[in-house]
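A short write-up of the structure that comes next.
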């Protein structure tokens, strides 16, 4: 359970860092290679940490082993740890993580600056649902 708490803390840290630098993203992304590297790095760490958190919760709850990153979210939805329709939608974060890890030459500023940073609230919801399932109030 401590590893789960630590991972949640790390995700919240990444969210805070991304939110603190996302202003003027489009201009900065296209003109400042250090900014571009920082935002891509923190988005990757955020996505990867969400996947790792899902896998930690699956192990903690002794659920079936996922065969892919995205399946981890499906398993959490099937077991009502995440709201099922949210889990299905949020599973796309696994593809986003893979995209960031493997397709550097195809990264488009608009996708990162408008779409990715606009979905940070989904990560907030993911954390909230995990916390509610594990530490029911």
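The values are calculated or read from the model by the stated rules, or taken from the named source; none is laboratory data. Everything numeric here is computed off the predicted structure, so don't read it as measured data. Cβ placement follows ideal geometry from the backbone for every residue including glycine, while neighbour counts extend to all protein chains displayed.
Going through 107, 112, 127 one at a time, which residue ends up being within 11 Å of the chain's Cα centre (by Cα) and either crowded, with 18+ Cβ neighbours inside 10 Å or touching a residue at least 24 places away in the same chain (Cβ under 8 Å) (or both)? So the residue among 107, 112, 127 that is within 11 Å of the chain's Cα centre (by Cα) and either crowded, with 18+ Cβ neighbours inside 10 Å or touching a residue at least 24 places away in the same chain (Cβ under 8 Å) (or both) is 127.
The rows are residues; the columns are (1) within 15 Å of residue 119 (Cβ to Cβ); (2) in contact with a helix residue (DSSP H, G or I) (Cβ under 6 Å, 6 or more places away or on another chain); (3) at pLDDT 95 or above; (4) not in a helix (DSSP H, G or I).
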| position | (1), (2), (3), (4) |
| --- | --- |
| 10 | no, yes, yes, no |
| 46 | yes, yes, yes, no |
| 76 | no, yes, yes, no |
| 93 | yes, yes, no, no |
| 98 | no, no, no, no |
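Restricting attention to the range 49-65 and to residues that are without any contact (Cβ under 8 Å) to a residue 12 or more places away in the chain and part of a loop (DSSP other than H, G, I, E, B), the residue that is surrounded by the fewest Cβ atoms within 10 Å (Cβ to Cβ) turns out to be 62.
Scanning the range 79-95 for residues that are surrounded by fewer than 19 Cβ atoms within 10 Å (Cβ to Cβ) and in contact (Cβ under 8 Å) with a residue 12 or more places away in the chain gives 79, 80, 83, 86, 88, 89, 92, 95.
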